[in-house]
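Reviewing the structure listed below.
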Amino acid sequence: NFIESRNGRALIADSMGLGKTCQALTYLQHHPNVRPAIITVPASLKLNWAKEIKLWMTINCDFHIISGKHSQRERLPKASIYIINYDILAVSNPDAKKKADKYICRPDILGIEPKIVIADEAHIWKSPDAQRTKAMMDLAKKVPYFIALTGTPIVNRPIEIYNCIKAIEPKLFPSYYQYAMRYCNAKHNGYGWNFNGASHTQELHEKLSSIMIRRKKEEVLKDLPPKIRTVIPMELDNQREYNAAEADLIGWLRTNFGNGKAEKAQQAEALTRIGELKRLAVRGKLKGCIEWIEDFLESGEKLVIFAVHKFVIDALMEYFAGMAVKIDGSVSNRQASVDAFQEDDSIRLFVGNIQAAGVGITLTKASNTCFLELPWSGSALEQAEDRVHRIGQVADSVTAWYLLAAGTMEGEIAQLIDAKRKVVTKVLDGQDVDEESMLSELMKKYV
């Protein structure tokens with residue numbers, strides 16, 4: 001209703017996990033004539049938007065994902081919706097006469113004459129000098145409808161939201177300088193103006209309310225279940241290597257398991273081969289997972305991450321050094337890591353091995369947990385989720401994010417875990433399905 005009241009130009013600033021994607025796609029569903037549509041996103045979210053389009057839309061919802069391999073000289077395939085990541089949106093402007101006009105939006109994007117832009121994680125283009133910002137501002141001027149989505153419209157200071165406001169409603173604050181002088185506690189340092197402060201914040205909030213709707217998680221808790229599970233599909237950067245290994249595995253399984261019951265030794269080798277495929281999948285999506293985690297941390301919230309392999313945990317600890325603690329087999333003082341996460345505001349991430357950190361600790365300083373890998377056991381996942389959720393806890397709702405490699409064995413394992421979990425719940429709560437049973441079910445899908 002708010003987007004409608006704004007005639008399709010609005011900022012949806014709900015907290016993470018409250019349905020911003022669904023709301024934007026609902027507007028597209030109700031306005032099938034507003035096509036073509038461009039959806040601009042971080043690279044790690046392209047597949048997720050494709051998944052959500054399939055889930056929520058039925059009208060003029062054929063889509064095309066634009067990849068970095070697509071030449072800008074090629075004509076885009078005909079589609080109603082195009083999904084493109086910010087990193088490949090900008091091109092150099094051959095007609096630029098000043099530095100501010102150095103980059104523009106890709107001509108092939110403008111050439112389809114889009115009617116609407118949905119800009120996900122809009123805080124990503126807060127820097128006025130970034131290529132993606134210049135491309136977005138160029139694109140925003142040329143479409144009649146523009147919907148920006150971000151749970152963190154201002155990460156640190158009011159100047160960061162100016163570009164988003166300008167893209168949605170250019171007349172609200174016509175001048176960057178006037179906005180900065182009024183709302184950014186402008187100070188001259190002898191060389192130039194510093195706009196990193198904040199001033200007249202209540203007035204700014206009131207003006208923002210004319211284009212922005214924002215609901216925080218604590219405000220809608222009564223409408224949320226105790227747990228929300230969300231799958232985010234991730235692309236692989238080693239897709240060819242994974243495909244070759246999967247084809248080899250399938251051939252081996254059909255040769256060894258096509259004629260009746262398998263021997264124990266063969267099952268052990270099958271588990272080893274499948275384990276290698278799982279390693280390839282997590283290695284191929286790790287870069288995208290780190291990008292997703294970085295974006296999540298912009299929200300200011302803490303995050304609990306679970307993985308299986310040591311190289312995954314080590315990579316995260318190295319990348320997020322100084323803001324992360326871990327519990328795996330190498331950590332002797334588990335409580336020190338827990339206390340740091342619970343009590344130290346500078347510690348934003350908890351990284352745990354599912355087996356070592358999935359039980360016996362309390363991490364309720366976070367209301368979000370993220371799984372980069374899957375164990376064989378549904379109960380292990382339940383236990384890990386419950387590190388941030390306690391029965392009877394009413395102060396928050398927990399979101400469990402599952403970052404799964406698209407089109408890989410991870411999806412098959414997730415489906416099996418979910419099916420087994422439902423059966424266990426129906427038959428005898430607390431009983432788990434053993435690894436051998438899961439392995440047998442998985443192999444049936446390939447043999």
For the stretch 44-134, which GluC sites (Glu not before Pro) pass both filters: DSSP loop (anything but H, G, I, E, B) and at most 15 other C-beta atoms within 10 Å? Glu74
For a quick size check, give me the Cα extents of the stretch 112-236 along its three principal axes, largest first, whole Å. 53, 41, 32
For Ile59 and Ala198, calculate 0.36 nm times their separation in residues minus their Cα-Cα distance, and state this gained length in nm to one decimal. 45.7 nm
Of all DSSP beta bridges with both partners in the chain, the antiparallel percent, nearest 5, is 10
Segments 82-93, 299-310, 315-326 sorted - mean Cβ within 10 Å per residue, highest first: 299-310, 82-93, 315-326
Excluding residues fewer than 8 positions from Lys285 in its own chain, the lysines with Cα under 20 Å of it are Lys46, Lys51, Lys69, Lys310
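Quick one: divide the alpha-carbon radius of gyration of the chain by 2.2 N^0.38 Å and tell me what you get.
Cα-based Rg divided by the globular estimate yields 1.08.
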Given 10 °C and 1.306 mPa s, compute D for the stretch 1-82 with the Stokes-Einstein relation, Rh being the Kirkwood radius over Cα pairs; round to the nearest whole µm²/s. 114
Could you tell me how far the Cα centroid of the stretch 29-101 sits from the Cα centroid of the stretch 114-183, in Å? 18
Output the Cα-based Rg and Dmax of the stretch 298-364 in Å, rounding Rg to one decimal and Dmax to a whole number. 10.9, 31
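So what's the back-of-envelope 222 nm ellipticity for the chain, counting only DSSP H runs of four-plus at -39500 (n - 2.57) apiece and dividing by all residues, rounded to 500?
Helix contribution divided over all residues of the chain: -12000 deg cm²/dmol.
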Put +1 on the Cβ of each Lys and Arg and -1 on the Cβ of each Asp and Glu in the stretch 10-93; which of Gln23, Ala10, Leu47 then has its Cα farthest toward the positive end of the dipole? Leu47
Which residue fluctuates the most in the chain, going by a Gaussian network model with Cα springs under 10 Å, if the choices are Asp339, Asp328, Asp138? Asp339
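Values in this text are rule-based calculations from the coordinates and carry no lab data. Model, not experiment: these values are computed from the prediction. We place every Cβ from the backbone using ideal geometry, glycine too, and count neighbours over all the protein chains shown.
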